[in-house]
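So that we are looking at the same thing, I have put the structure below in structure tokens.
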Amino acid sequence: MNSLFRYRELVRNLVIKDLKLKYRDSVLGFLWSLANPLLLIVVYSFVFGHILRGGPPNFAFFLMVGILPWTFFAQALMMSTGSIVDNGNLIKKVALPMEVFPLATVLFNLAQFGFALIVFFPMALLYFRVPVALSWLNFFPILALQIVFTLGLCFMVSTATVFYRDVRHFTEILLMLLFWLTPIIYDVQTIPESLRTAIYLNPFTYFTLAYQDALYHNTVSSPHNLLALALLGLSSLSLGFLSFMYSKTRFPEEV
């Protein structure tokens, strides 16, 4: 971890580089990061508010509470499958801590998530007419624990992809399955009891439910729930980082 701190400027530059590359030659530039979630909110509000009625009250808001954190998680995980392999030439030529690449991938997607939140919270107040509640403060510790959880998984999949290129395709399929096993577009309480076991076996379910409690149900998460998220995050980070550090000496010859 000390090496990551020493190379913090490199991490920052990698994140800025990815942000610049994403919007290079576009007229609106970074404004697209605000336009995309704005359009997403408007479209979902129209579809689920006027065409496909049903679900929990203020269903479009319920949906956005789950789908924005999921997008951050899924895109970070998918991009991290190539974070080492796609930087193979640099890794072979320059001596640097290779853990900066999965970390930069997570921070890049966190920045994208941050842009989405700049749109989401004002829309929650002005468009969805959701009153501010004290429970909203829980959003920040939940997000911090999600970042830890996501980073650990990104270390794992970036390591696995170096040795098995099919991991990239497997991750894409797995994320599609996990999306439907995460209570984003449905209330978990409406699922038959016999099917809930599969939902609760998905670790991201617990993050989604925590976000829904904080922002949609306006309830403060209990210390027990936050402890469960902390255990998920720390277990993921520990396993991911240890597997990455154990394997990274072989990366240059494999990429």
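The values are calculated or read from the model by the stated rules, or taken from the named source; none is laboratory data. Just so we're clear, the structure is a prediction, and the values are computed from it rather than from any experiment. Cβ placement follows ideal geometry from the backbone for every residue including glycine, while neighbour counts extend to all protein chains displayed. Note: areas computed on protein heavy atoms with side chains; ligands, DNA, RNA excluded. Shrake-Rupley method; radii C 1.70, N 1.55, O 1.52, S 1.80 Å.
Among (1) in contact with a helix residue (DSSP H, G or I) (Cβ under 8 Å, 6 or more places away or on another chain); (2) in a helix (DSSP H, G or I); (3) hydrophobic (A, V, I, L, M, F, W, C), which single condition is residue 195 missing?
Unmet for residue 195, out of (1) in contact with a helix residue (DSSP H, G or I) (Cβ under 8 Å, 6 or more places away or on another chain); (2) in a helix (DSSP H, G or I); (3) hydrophobic (A, V, I, L, M, F, W, C): (1).
For the stretch 149-166, indicate whether the set of residues that are open to solvent by 20 Å² or more (accessible area, probe 1.4 Å), among the charged types (D, E, K, R), in contact (Cβ under 8 Å) with a residue 12 or more places away in the chain and closer than 15 Å to residue 79 by Cβ is non-empty.
no
Okay, next question. Determine, yes or no, whether residue 74 is among the small types (Gly, Ala, Ser), farther than 21 Å from residue 10 by Cα and surrounded by 17 or more Cβ atoms within 10 Å (Cβ to Cβ). Before you say what the answer is, go through the steps one by one.
Details: among the small types (Gly, Ala, Ser): yes; farther than 21 Å from residue 10 by Cα: yes; surrounded by 17 or more Cβ atoms within 10 Å (Cβ to Cβ): yes.
Answer is yes for this residue.
Still on this structure, I have one more. Specify which of the listed residues (5, 48) is surrounded by fewer than 18 Cβ atoms within 10 Å (Cβ to Cβ), in a helix (DSSP H, G or I) and modelled with pLDDT under 70.
5
If you don't mind, there's one more thing I want to ask. Scan the stretch 217-255 for residues that are aliphatic (A, V, I, L, M) and within 21 Å of residue 98 (Cα to Cα) and jot them down. Spell out how you get there, then give the answer.
Looking only at the stretch 217-255, we keep the residues that are aliphatic (A, V, I, L, M), and these are 220, 226-232, 234, 237, 239, 242, 245, 255.
If the condition is that a residue be aliphatic (A, V, I, L, M) and within 21 Å of residue 98 (Cα to Cα), then 234, 237, 239, 242, 245, 255 are the ones that fit.
Looking at the stretch 52-71 only, could you name the residues that are open to solvent by 30 Å² or more (accessible area, probe 1.4 Å) and not β-branched (Val, Ile, Thr)?
Listed by number, the residues that qualify are 52, 53, 54, 55, 57, 58.
I'm checking my understanding of the structure. Among residues of the stretch 133-148 that are part of a helix (DSSP H, G or I) and of a type in the set (Gly, Ala, Ser), which one is surrounded by the fewest Cβ atoms within 10 Å (Cβ to Cβ)?
144
Right, another one. If you take the residues of the stretch 77-115 that are among the small types (Gly, Ala, Ser) and open to solvent by 10 Å² or more (accessible area, probe 1.4 Å), which of them is farthest from residue 203 (Cα to Cα)? Lay out the reasoning, then the answer.
From the stretch 77-115, those among the small types (Gly, Ala, Ser) are 80, 82-83, 88, 95, 104, 111, 114; that's our starting set.
Those left that are additionally open to solvent by 10 Å² or more (accessible area, probe 1.4 Å): 95, 111, 114.
Details: 95: 35, 111: 23, 114: 23 Å.
Here the answer is 95.
Still on this model: Quick one: in the stretch 65-94, which of the residues that are over 15 Å from residue 255 (Cα atoms) and without any contact (Cβ under 8 Å) to a residue 40 or more places away in the chain is nearest to the chain's Cα centre (by Cα)?
Of everything passing the filter in the stretch 65-94, 75 is nearest to the chain's Cα centre (by Cα).
Just wondering, is there one or more residues in the stretch 172-194 that are under 25 Å from residue 85 (Cα atoms), open to solvent by less than 40 Å² (accessible area, probe 1.4 Å) and not charged (D, E, K, R)?
Yes, that holds for at least one residue.
Examine the stretch 116-132 for a residue that is open to solvent by 20 Å² or more (accessible area, probe 1.4 Å), assigned to a loop (DSSP other than H, G, I, E, B) and at positive phi, and state whether such a residue exists.
The answer is yes, given that some residue of the stretch 116-132 is open to solvent by 20 Å² or more (accessible area, probe 1.4 Å), assigned to a loop (DSSP other than H, G, I, E, B) and at positive phi.
A further question follows. Exactly one of these conditions fails for residue 169: (1) open to solvent by 70 Å² or more (accessible area, probe 1.4 Å); (2) farther than 20 Å from residue 134 by Cα; (3) in contact (Cβ under 8 Å) with a residue 12 or more places away in the chain. Give me its number.
(3)
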